[in-house]
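Step one of this worksheet: look at the structure below.
The values are calculated or read from the model by the stated rules, or taken from the named source; none is laboratory data. Just so you know, these numbers come straight off a predicted model, no measurement behind them. Cβ: placed from backbone, ideal geometry, glycine included. Neighbour counts: every protein chain shown.
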Amino acid sequence: MVIEMIFKKILCGCLLLFLSCMNSLGLAASQTNKVEIFSWWIGGGEEESLQAIFKVFKRNYPQIEIINATVEGGAGINAKAALQTRMVGGKPPDSFQVHGGAELVDSYVKTGMMEPITKLLNDWGVRNKFNPQILDMCSYKGEIYSIPLDVQRGNMLWYNMRILQTYHITPPKTVPDLLTACRKLAAYGVIPLSLGDKNKWEATHLFETILVARMGAEKYNGLWNGKTSFDDPQITEALVDFKHLLKYVNKDHGTLTWQDATKMVSSGKAAFNVMGDWAEGYLKTLGGTPAKSFGWEPLGDNFMVITDTFGLPKGAPHRKGAIAWLATIASVEGQNTFNLVKGTISSRMDANRGLYDAYQQMSMDDFMKLTLTPSIVHGSATPQGFTSAMDDMMNTFIYEGNINKTRRQLKQIVADYLE
Ligand code: GAL
């Protein structure tokens, strides 16, 4: 009996010694007390919103250290490639930013790289709190694979209120009206439209906004469900509009980022900019006040829908930490904290409307009543390969302006990635 007790004590001592060695080597701690969150939110207006939700996480899980893995470049232009390399190489982060829609489903769900998280959402009792259309963009074959942190609108025209007042310009609601306003402003020597397409996608963003405005929501959506042909003449009309608009952009657009272009509106260097509503967050970060220093007008009767989502990759090194992160972004507090800064809206239907500003409340209303159109650039409509081929095509178009060549290229991209 005594021998047995001594033996047990020795065993316990050894175990404690082993654990403390593990700890001092950082092994045990690294397994349980970290979480690596991968995103491209490192630029102005984006980093602030990420840090805001990190604060919520740190308060709820003080024992878990966040590894903030960011790769610079708007719209994930560099991050997406880096992520793919990691995922294919079997080195996933614990959770990563990915657009709901084709980008998530084609790259990571169909390829079997993600764990379904439907059960987690059910266990937390939040599954039916999310907008079903947005949750659909995170689902495949009846299972949910990621949590939508935001709902963003792509087709938005931002403007400097002082410039429009000075030159008596009514905020344009259509592309032809925008062209007229640009013509007037150019005659006064003002830069009408800012563009920063250093990373290419910003030009495609402008084009897709024009494309839906030209085609209308139903017809544009037909491109993705097979009801509209890619031979449709309105694609040519959109290219013509785009070419006209390009006459009114700043000459140095190829060297600027989307933030630089937004800044031009904020500082009064340019009158207009077309960008998703994360630009609202940035305009506020720069000191702007909605409906006072800057205004907005949707281009088109549609809601170009984009959602940033996070899921649980198979083989996540810190699975517990990843689940804690997912619980944070699924919570009303997490969603409100993030979206209030980002300029966007929550994907939860029970978010506190009263906390949001005038732009965001309009976005909530439009989201409920307008036809949603998925974005090419931000992965809701098309897989990653299509999107980058499209960015290259638009980039060439900007410098060559060759409509026939672009139409032929587009058909090729469709054949390569959609058929
Ligand atoms: C989008 C993303 C937004 C914002 C934007 C600019 O693709 O969904 O959250 O980050 O890119 O980088």
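Residues of the range 360-419 that are more than 26 Å from GLU218 (Cβ to Cβ), outside any helix (DSSP H, G or I) and among the small types (Gly, Ala, Ser): GLY401 alone. Taking the criterion of being free of Cβ contacts under 8 Å to residues at least 40 places away in the same chain and of a type in the set (D, E, K, R), the residues of the range 35-80 that qualify are GLU47, LYS58, ARG59, GLU65, GLU72.
For the range 300-307, the condition of being of a type in the set (Val, Ile, Thr) and away from the ligand (no atom under 16 Å from the Cβ) holds for none of the residues.
The rows are residues; the columns are (1) within 16 Å of the ligand (Cβ to nearest atom); (2) aliphatic (A, V, I, L, M); (3) not assigned by TED's automatic domain parsing to the domain that holds LYS110.
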residue: PRO313; (1), (2), (3): no, no, no
residue: ALA327; (1), (2), (3): no, yes, no
residue: VAL332; (1), (2), (3): no, yes, no
residue: TYR356; (1), (2), (3): no, no, no
residue: MET393; (1), (2), (3): no, yes, yes
residue: THR396; (1), (2), (3): no, no, yes
residue: ARG407; (1), (2), (3): no, no, yes
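Only one entry in THR371, THR309, THR328 is in contact (Cβ under 8 Å) with a residue 60 or more places away in the chain, surrounded by 23 or more Cβ atoms within 10 Å (Cβ to Cβ) and touching a strand residue (DSSP E or B) at 6+ places or on another chain (Cβ under 8 Å), namely THR309. What about GLU47, is it surrounded by fewer than 22 Cβ atoms within 10 Å (Cβ to Cβ) and away from the ligand (no atom under 12 Å from the Cβ)? Here the answer is no, as GLU47 does not meet what is asked.
Residues considered: ALA271, ALA279, ALA261. Of these, the only one that is more than 13 Å from the ligand (Cβ to nearest atom), touching a residue at least 12 places away in the same chain (Cβ under 8 Å) and not in a loop (DSSP other than H, G, I, E, B) is ALA271. The set of residues from the range 180-193 being part of a helix (DSSP H, G or I) and either under 21 Å from TRP258 (Cα atoms) or without any contact (Cβ under 8 Å) to a residue 60 or more places away in the chain (or both) comprises THR180, CYS182, LYS184, ALA187.
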